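Encoded as C-alpha cells, the structure appears first; notes follow it.
The values are calculated or read from the model by the stated rules, or taken from the named source; none is laboratory data. None of the values given here were measured: they were computed from a predicted structure. Here Cβ is always computed from backbone atoms with ideal geometry, including for glycine, and neighbour counts include all displayed protein chains.
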Amino acid sequence: MKLNYKRTVLIGLAFMSISAFWQLYNNAVPLYLKNTYGITDDISGYVMAADNVLAVFLLPLFGALSDRTRSRFGRRKPYILIGSFLAAALMILIPLAGNAGSFPAFIGILAVLLIVMSSYRSPAVALMPDVTPKPLRSKGNAVINLMGALGGILTYLIIALFVRSDDMGNYLPVYALVAAFMVFCAIVLGLTIPERRLAAEMEPEPAEKSAPAGKEPMPGPVKKSLFLILLSVFLWFMAYNAVETAYSRYVQDVWGKSQSVGSTMMIIAMLVATASYIPVGVISARIGRKKVILGGVALLALAFFTGFLLPGYSIVAYLIMGVIGIGWAAINVNSYPMVVEMSKSGDVGKYTGLYYAFSMTAQIFTPILSGYLFAYLPWGYRVMFPYALVFSALAFLSMLFVRHGDNRPGAPAGVLESFDIED
C-alpha cells in the first residue's frame, strides 16, 4: 500500500493557501490596527484572538455540515472552492478599507472574512483522510503540513519583496498576490481532484475493529481514547503556543538580547519542523503513531527543561529550538490522523472540527494564563519554560493511556518502499 504523493500534494494546495492567508493576516492586521487606527496593544490582542474564538464554534460546525453535504462536486470541494473565492475577494477589501481609514468597514470586513475562512478549513483538511487509506494518513498529513509551511514561507517572501517601509499602502499588492494565489490553488484543486470518484473508490470501513459501523454509538473504550487524545492536543498546544508567543520577549527580558534574536530562533524551529515532516511520516508508518507522538512530547519536555537550566544566551539556545521543531513535527504529523482514525468515513469532517476546536481553545487560553503568570509572579518570563514543561508532562501522561487510533501497515520490504517510490 503506497501513498499517492502527487494527489496528496494537489489536495494540500487548499491548506497551503489557508496557511498563506493566516501568515499575512497575523502579520498585517495588527499593523493596520496600530499604525492606521491607533488601536492599543491590549485591544488589538482581543481583535486578533477573535479568529480562534470563532474557530472553536465554527470549525466543528462546518466540518459536520460538510459530512452531510452531497453535490456533484463532492462533500468538501464546494466549501473549498466557494470559501477560497469569497476569501480572496474579501482580502482585497482589507487594504482598501485600511487605506480609506474607515474603521467600521475594516472591522466588518474582518468579521465576515473570519467566518468565511472558518467555513472551509475543516472541509479542506478532511479531504485528505477522505481519499487516503487509514494506514497512510500520517504520511499524508506530513505532506499536508509541509504544504502549509511552504504557504507561510511564500507569504513571508511576498512581504519581503513588496513591503519596504511602515506605509500600510505597501500591503495592497501583497494582499492581491496572496488572494490570487488562493484562487489559483482552488482552481487547480478543483480541476485535478475528482473527489466523488476518489471517495467512492475507498473501501467503507468502521473507525476501529471495536468501533461502530453505520449509526451505532462509539464504544466506550474508543470514546475514552478519543477524549484522551483531544485532551493531549489541548495540553501540548498549551505548552507550545506559550513558548511560541513569548519566546522573543523571554530572549529580551531574561537573556538581554533583541527580540529579533528570539524571532530568528523561532524561525529555526519552524524550518526544522518543516524539514522533519516527511521523515517523521515515514518513521510513523514503520513504528506507529503513538510511539512517535510520545517521543515528540518527550523531546519538547527535554527542550523546555534544558532551556530553563540554560543560564544565558548561547549556541545551545539554537539547538533547543531545533529539538522543539523536531518534537512539534512528530506531534503534528500524527495527532490529527489518530483522531480521524476513530471516525467513520461519513463523519471525518466532524472529527476534524473537534481536533481544531481543542487546539484553538488552547491557543485562546494559554496566552491569557501564561501572560497572567508572567505579569504577576516575581520570576516574570522565567516562568515560561517551567510552564511549558508542566503542560508537556501532562500531555505525555494523557497520551500514554490512548489505546486506539494507531493503525499502521506492516514494515515495508525495502528502503525505496519506505518512501513509497514506484518501481
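Only one entry in Val261, Val254 is modelled with pLDDT of 80 or more, more than 16 Å from the chain's Cα centre (by Cα) and over 23 Å from Val56 (Cα atoms), namely Val254.
Quick grid of which residues meet (1) buried (at least 22 other Cβ atoms within 10 Å of the Cβ); (2) under 18 Å from Gly63 (Cα atoms); (3) of a type in the set (Val, Ile, Thr):
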{"position": "Leu114", "(1), (2), (3)": "no, yes, no"}
{"position": "Pro123", "(1), (2), (3)": "yes, yes, no"}
{"position": "Met147", "(1), (2), (3)": "yes, no, no"}
{"position": "Thr155", "(1), (2), (3)": "yes, no, yes"}
{"position": "Ile158", "(1), (2), (3)": "no, no, yes"}
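Would you point out which residue out of Ile39, Ile11 is in a loop (DSSP other than H, G, I, E, B) and surrounded by 17 or more Cβ atoms within 10 Å (Cβ to Cβ)? So that I can check it myself, show each step before the final result.
Details: Ile11 fails: in a loop (DSSP other than H, G, I, E, B).
Among Ile39, Ile11, only Ile39 is in a loop (DSSP other than H, G, I, E, B) and surrounded by 17 or more Cβ atoms within 10 Å (Cβ to Cβ).
The numbered conditions (1) charged (D, E, K, R); (2) farther than 22 Å from Val9 by Cα; (3) surrounded by 18 or more Cβ atoms within 10 Å (Cβ to Cβ) are all true for Arg70 except (3).
Exactly one residue among Ile283, Ile287 is under 20 Å from Val9 (Cα atoms) and more than 19 Å from the chain's Cα centre (by Cα), and that residue is Ile283.
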